[in-house]
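Asks: Just passing along the structure, written as structure tokens.
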Amino acid sequence: MTKLEQWMSTLLVLMLIWLCLVQDLLNLGYSKKFHDVILPLPVYLLVTAGSYALGTLGLRLANFNDCEEAAQELFMQIQEAQADLASKGLIL
Amino acid sequence: MASHSDIPNSAGSQRRRAKKGQAEAAEKYSVLLPTYNERENLPLIVWLLVKSFEESGNNYEIIVIDDGSPDGTQEVAQQLEKIYGSDKILLRPRAKKLGLGTAYIHGIQHATGNFIIIMDADLSHHPKFIPEFIRKQKEGNFDVVCGTRYRGNGGVYGWDLKRKIVSRGANFLTQILLRPGVSDLTGSFRLYRKEVLQKLMEKCISKGYVFQMEMIVRARQLNFTIGEVPISFVDRVYGESKLGGNEIVSFLKGLLTLFATT
């Protein structure tokens with residue numbers, strides 16, 4: 001099963017469950033209050049997913065290391081390398 | 001060249017049968033360096049590679065695959081071959097620019113190591129991490145070891161906020177859609193078992209960033225094991241790095257293709 005199919009089938013199953021509950025297809029006969037909670041669930045799901053995405057992205061952005069020392073080290077080594085290579089006879 | 005073809009097999013069977021000490025002596029690492037107009041960077045990356053391998057004591061060779069650079073990269077490569085020896089620096093140029101994927105295939109054909117290291121020649125990938133890749137590979141007997149900018153002490157240098165947002169966003173989307181179990185899919189600093197890289201090269205058809213991504217996705221499909229090592233990515237010291245709208249669009253296309261087909 002491709003990743004696309006996995007996503008589609010998961011969403012389909014969730015949608016069917018939600019539809020069953022909203023339309024009360026199983027005739028469970030629950031209260032109007034319960035129905036009012038069930039009805040906007042997909043919107044909640046969407047909002048939660050969106051917040052999760054933004055939150056995660058922001059956190060990862062904030063924790064994205066700036067490798068200053070790595071760059072400094074590289075610059076030093078480049079100079080060392082240039083000197084050593086020149087002494088070994090490299091002509092650029 | 002004919003004798004080269006049976007080296008990986010004999011090394012492989014030795015690795016399985018021999019005791020640990022003997023097996024380590026049998027490992028050889030072939031670094032593939034595809035170049036195009038890297039006249040200034042090539043001597044520096046080779047110097048750093050030699051330094052790293054001499055300090056770690058691992059057996060190695062560096063294969064320079066130059067795609068007919070007009071700036072004289074090959075002439076510099078010949079000088080390096082004289083300085084470091086033709087057993088360490090192997091020049092395997094091609095007549096014109098033919099792309100990264102075929103450069104790897106070309107390089108593997110000439111590699112005598114049982115492990116292949118691929119990296120960029122523009123100094124964004126530092127050879128000091130190679131001993132860590134090797135340690136990681138041995139630790140879990142992994143088929144592939146990936147460098148990652150997104151985990152642990154990994155990171156980048158020289159990226160502005162916009163570039164970071166695009167990178168993180170693309171990575172997040174990829175993680176959600178493909179769930180690859182690897183944190184850095186578009187990086188190109190990796191160590192592969194030679195036969196594993198050969199197999200993956202047969203399977204992969206994408207280009208550019210997507211090519212690196214597809215390699216990991218296919219590796220997962222084929223049940224190869226993958227380890228990760230945090231790396232610092234120092235963006236091109238010489239030369240210019242580019243991330244245009246075109247690249248983003250082709251990345252998204254490639255990502256969706258993998259999403260729908262794998």
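Asks: By how many nm would the segment from B:THR261 to B:ILE165 grow when fully extended, if each residue of separation counts as 0.36 nm and the alpha-carbon distance is taken off?
Replies: 31.9 nm
Asks: Total accessible area buried between chains A and B, 1.4 Å probe, in Å² to the nearest 100?
Replies: Numbers: alone 8630 and 13130 Å², together 18210 Å².
Approximately 3500 Å², summed over both chains.
Asks: First compute the accessible area of the range A:40-92 with a 1.4 Å probe, then give the percent of it belonging to carbon and sulfur atoms.
Replies: 66
Asks: May I pose another question? Along the charge dipole of the range A:40-92, which of A:GLN82, A:LEU45, A:THR56 sits closest to the positive end, that is, farthest toward it, with unit charges on the beta carbon of Lys, Arg, Asp and Glu (+1, +1, -1, -1)?
Replies: Highest projection toward the positive end goes to A:LEU45.
Asks: May I ask for the distance between the Cα centers of the range B:212-229 and the range B:174-191, given as a whole number of Å?
Replies: 8
Asks: Give me the number: length gained by fully extending B:ASN246 to B:GLN78, i.e. 0.36 nm times residue separation minus the C-alpha to C-alpha distance, one decimal in nm.
Replies: Gain on stretching B:ASN246 to B:GLN78: 56.9 nm.
Asks: Dipole of the protein assembly as shown, Cα-centred, from +1 at each Lys and Arg C-beta and -1 at each Asp and Glu C-beta, to the nearest 20 debye? Display every interim value, and only then the final one.
Replies: Values: 41 positive and 37 negative charges, 227 e Å.
That gives the protein assembly as shown a dipole magnitude of about 1100 debye.
Asks: May I pose another question? Helix A:41-62 versus the longest principal axis of chain A: what is the Cα-based angle in degrees, 0 to 90, to the nearest 10?
Replies: Helix A:41-62 sits at roughly 10 degrees to that axis.
Asks: Per residue, how many Å² of accessible area does the range B:15-160 show with a 1.4 Å probe? Working shown, then result.
Replies: On the way: 5960 Å² over 146 residues.
Each residue of the range B:15-160 exposes 41 Å² on average to a 1.4 Å probe.
Asks: Give the average, rounded to an integer, of partner chain Cβ atoms located within 10 angstrom of each Cβ in B:42-48.
Replies: On the way: counts 0, 8, 8, 1, 3, 9, 5.
Across B:42-48, the average partner-chain Cβ count within 10 Å equals 5.
Asks: Using a 1.4 Å probe on protein heavy atoms, which residues of the range B:178-218 have at least 10 Å² less accessible area in the complex than alone?
Replies: B:LEU178, B:ARG179
Asks: Turning to a different aspect of this structure: Identify, among B:ALA260, B:PRO43, B:VAL229, the residue whose Cα sits farthest towards the positive end of the charge dipole of chain B, taking +1 on the Cβ of Lys and Arg and -1 on the Cβ of Asp and Glu, with the dipole about the Cα centre.
Replies: The one lying farthest along the dipole's positive direction is B:ALA260.
Asks: Something else: For peptide B:153-160, how many partner chain Cβ atoms fall within 10 Å of a residue's Cβ, on average?
Replies: Values: counts 3, 3, 7, 6, 9, 3, 3, 0.
Taking all residues of B:153-160 together, the mean is 4.
Asks: Please report the spacing between the Cα centers of the range B:79-158 and the range A:44-92 in Å, no decimals.
Replies: The two parts, judged by their Cα centres, are 18 Å apart.
Asks: Right, something else. In a shell of Cβ-Cβ distance under 12 Å around B:PHE142, excluding B:PHE142 itself, what net charge do Lys and Arg (+1) and Asp and Glu (-1) give?
Replies: On the way: positive: B:ARG135, B:LYS136, B:LYS138, B:ARG190, B:ARG193; negative: B:GLU139, B:ASP143, B:GLU228.
Taking every Cβ under 12 Å from that of B:PHE142, the sum is +2.
Asks: Return the FRET efficiency for the residue pair A:VAL37, B:LEU222: r is the Cβ-Cβ distance, R0 is 41 Å, and the value is rounded to the nearest 0.05.
Replies: On the way: r = 46 Å, r/R0 = 1.12.
Calculated transfer efficiency: 0.35.
Asks: What does the charge count around B:GLU214 come to, taking other residues whose C-beta lies under 10 Å from its C-beta (Lys +1, Arg +1, Asp -1, Glu -1)?
Replies: With Lys, Arg at +1 and Asp, Glu at -1, the net is +3.
Asks: If you place +1 on the Cβ of every Lys and Arg and -1 on the Cβ of every Asp and Glu, how big does the dipole about the Cα centre of the range B:27-89 come out, in debye to the nearest 20?
Replies: I would put it at about 140 debye.
Asks: Using only atoms on other chains, find how many Cβ atoms lie within 10 Å of each Cβ of peptide A:4-10 and report the average.
Replies: Numbers: counts 7, 1, 2, 3, 0, 0, 0.
Mean number of neighbouring Cβ atoms from other chains: 2.
Asks: Around B:LEU44, with a cut-off of 11 angstrom between Cβ atoms, what is the net charge of the other residues, counting Lys and Arg +1 and Asp and Glu -1? Provide the component values of the computation, followed by the final result.
Replies: Values: positive: B:ARG39, B:LYS51; negative: A:GLU80, A:ASP84, B:GLU38, B:GLU40, B:ASP122.
Combined, the nearby Lys, Arg, Asp and Glu give -3.
The values are calculated or read from the model by the stated rules, or taken from the named source; none is laboratory data. The shown structure was predicted, so the numbers you read here are calculated from the model rather than taken from an experiment. Methodologically, a virtual Cβ is constructed for each residue, glycine included, from the backbone with ideal geometry; neighbour enumeration extends over all protein chains shown. Ligands, DNA and RNA are stripped out before the accessible areas are found, and what is left, the full protein with its side chains, is counted by its heavy atoms. Shrake-Rupley method; radii C 1.70, N 1.55, O 1.52, S 1.80 Å.
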